[in-house]
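Structure first, commentary second.
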Amino acid sequence: MKKLVLILLFSSSFLLFSQEEKDTSIVDYPDKEASFPGGLAKMMKYFSENLEYPKMEFETIPNGRIIIEFVINKDGSIEQVKARKEGIKELDEEYIRVIKNMPNWIPAEVNGEKVRSKGVLPIRIHFQ
(Lines give C-alpha, C1' and ligand atoms only; values in the text may rest on other atoms or scores of the structure.)
Protein backbone atom coordinates (compact mmCIF):
# COMPACT_ATOMS: atom_id res chain seq x y z
CA MET A 1 0.00 0.00 0.00
CA LYS A 2 2.78 2.46 0.79
CA LYS A 3 4.30 1.88 -2.60
CA LEU A 4 1.01 2.66 -4.35
CA VAL A 5 0.60 5.96 -2.46
CA LEU A 6 4.09 7.08 -3.43
CA ILE A 7 3.44 6.32 -7.07
CA LEU A 8 0.17 8.26 -7.03
CA LEU A 9 1.82 11.26 -5.36
CA PHE A 10 4.61 11.23 -7.90
CA SER A 11 2.17 10.93 -10.78
CA SER A 12 -0.02 13.81 -9.59
CA SER A 13 2.94 16.14 -9.02
CA PHE A 14 4.21 15.23 -12.47
CA LEU A 15 0.86 16.22 -13.97
CA LEU A 16 0.91 19.56 -12.14
CA PHE A 17 4.43 20.24 -13.37
CA SER A 18 3.49 19.33 -16.94
CA GLN A 19 0.45 21.62 -16.91
CA GLU A 20 2.50 24.53 -15.59
CA GLU A 21 5.10 24.11 -18.33
CA LYS A 22 2.44 24.07 -21.06
CA ASP A 23 0.52 27.12 -19.79
CA THR A 24 0.07 29.30 -22.85
CA SER A 25 -2.72 31.50 -21.53
CA ILE A 26 -2.38 35.25 -21.87
CA VAL A 27 -3.72 37.46 -19.09
CA ASP A 28 -5.64 40.44 -20.43
CA TYR A 29 -5.89 42.44 -17.19
CA PRO A 30 -2.97 41.66 -14.86
CA ASP A 31 -2.63 43.27 -11.43
CA LYS A 32 0.71 44.71 -12.53
CA GLU A 33 1.30 45.47 -16.24
CA ALA A 34 4.46 44.36 -18.02
CA SER A 35 6.96 47.15 -18.59
CA PHE A 36 10.10 47.93 -20.53
CA PRO A 37 13.12 47.97 -18.20
CA GLY A 38 13.83 51.59 -17.31
CA GLY A 39 10.41 52.82 -18.40
CA LEU A 40 9.16 54.79 -21.38
CA ALA A 41 12.22 57.04 -21.66
CA LYS A 42 14.54 54.02 -22.00
CA MET A 43 12.21 52.44 -24.56
CA MET A 44 12.24 55.63 -26.64
CA LYS A 45 16.04 55.67 -26.46
CA TYR A 46 16.13 52.00 -27.51
CA PHE A 47 13.99 52.78 -30.57
CA SER A 48 16.06 55.82 -31.55
CA GLU A 49 19.28 53.78 -31.34
CA ASN A 50 17.98 50.70 -33.16
CA LEU A 51 15.55 51.83 -35.85
CA GLU A 52 16.95 51.85 -39.37
CA TYR A 53 14.36 53.38 -41.63
CA PRO A 54 14.18 51.73 -45.04
CA LYS A 55 15.36 53.69 -48.03
CA MET A 56 12.22 55.26 -49.40
CA GLU A 57 10.88 58.63 -50.31
CA PHE A 58 9.61 60.04 -47.00
CA GLU A 59 7.42 62.52 -48.85
CA THR A 60 5.34 59.58 -50.12
CA ILE A 61 4.71 58.15 -46.64
CA PRO A 62 1.35 59.24 -45.24
CA ASN A 63 1.19 60.32 -41.62
CA GLY A 64 -0.61 57.80 -39.46
CA ARG A 65 -0.14 55.04 -36.94
CA ILE A 66 1.38 51.60 -36.86
CA ILE A 67 0.01 49.36 -34.13
CA ILE A 68 2.25 46.46 -33.14
CA GLU A 69 1.03 43.63 -30.88
CA PHE A 70 3.23 41.10 -29.12
CA VAL A 71 3.26 38.66 -26.22
CA ILE A 72 5.46 39.17 -23.18
CA ASN A 73 6.32 35.81 -21.62
CA LYS A 74 6.78 35.02 -17.94
CA ASP A 75 10.56 35.45 -18.37
CA GLY A 76 10.08 38.83 -20.09
CA SER A 77 10.97 37.58 -23.57
CA ILE A 78 8.96 38.81 -26.54
CA GLU A 79 7.19 36.63 -29.12
CA GLN A 80 4.30 36.62 -31.60
CA VAL A 81 5.12 40.11 -32.86
CA LYS A 82 2.78 41.36 -35.60
CA ALA A 83 1.28 44.52 -37.03
CA ARG A 84 -2.38 44.77 -35.96
CA LYS A 85 -3.27 47.09 -38.80
CA GLU A 86 -0.87 46.82 -41.66
CA GLY A 87 0.42 50.03 -43.13
CA ILE A 88 3.52 50.42 -45.23
CA LYS A 89 5.15 47.00 -45.40
CA GLU A 90 8.74 48.24 -45.04
CA LEU A 91 7.96 50.32 -41.94
CA ASP A 92 5.89 47.53 -40.35
CA GLU A 93 8.75 45.09 -40.89
CA GLU A 94 11.32 47.44 -39.37
CA TYR A 95 9.27 48.08 -36.23
CA ILE A 96 8.58 44.34 -35.91
CA ARG A 97 12.32 43.62 -36.24
CA VAL A 98 13.23 46.14 -33.55
CA ILE A 99 10.54 44.90 -31.15
CA LYS A 100 11.60 41.27 -31.62
CA ASN A 101 15.13 42.29 -30.62
CA MET A 102 14.12 44.27 -27.52
CA PRO A 103 15.70 43.34 -24.21
CA ASN A 104 13.48 41.27 -21.95
CA TRP A 105 10.65 43.20 -20.35
CA ILE A 106 9.62 43.09 -16.71
CA PRO A 107 6.72 40.60 -16.97
CA ALA A 108 3.16 41.22 -15.83
CA GLU A 109 1.97 39.82 -12.50
CA VAL A 110 -1.23 38.46 -10.99
CA ASN A 111 -1.24 37.90 -7.22
CA GLY A 112 2.55 38.25 -7.21
CA GLU A 113 3.03 35.52 -9.86
CA LYS A 114 4.56 36.28 -13.25
CA VAL A 115 2.16 35.75 -16.15
CA ARG A 116 2.12 36.03 -19.93
CA SER A 117 0.47 39.19 -21.20
CA LYS A 118 -0.14 41.08 -24.41
CA GLY A 119 1.73 44.22 -25.30
CA VAL A 120 0.46 46.82 -27.74
CA LEU A 121 2.62 49.66 -29.05
CA PRO A 122 0.88 52.34 -31.08
CA ILE A 123 3.55 54.15 -33.08
CA ARG A 124 2.70 57.52 -34.56
CA ILE A 125 4.24 58.25 -37.94
CA HIS A 126 4.62 61.93 -38.67
CA PHE A 127 7.12 63.25 -41.18
CA GLN A 128 7.60 66.97 -41.78
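The values are calculated or read from the model by the stated rules, or taken from the named source; none is laboratory data. Keep in mind the model is a prediction, meaning the values are calculated, not measured. Reconstructed Cβ throughout: ideal geometry from the backbone, glycine too, with neighbour counts over all protein chains shown.
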Only one of (1) at pLDDT below 60; (2) under 25 Å from residue 116 (Cα atoms) does not apply to residue 7, and that is (2)
Condition set at pLDDT 95 or above and in a loop (DSSP other than H, G, I, E, B), scope the stretch 68-91, selection surrounded by the fewest Cβ atoms within 10 Å (Cβ to Cβ): answer is 75
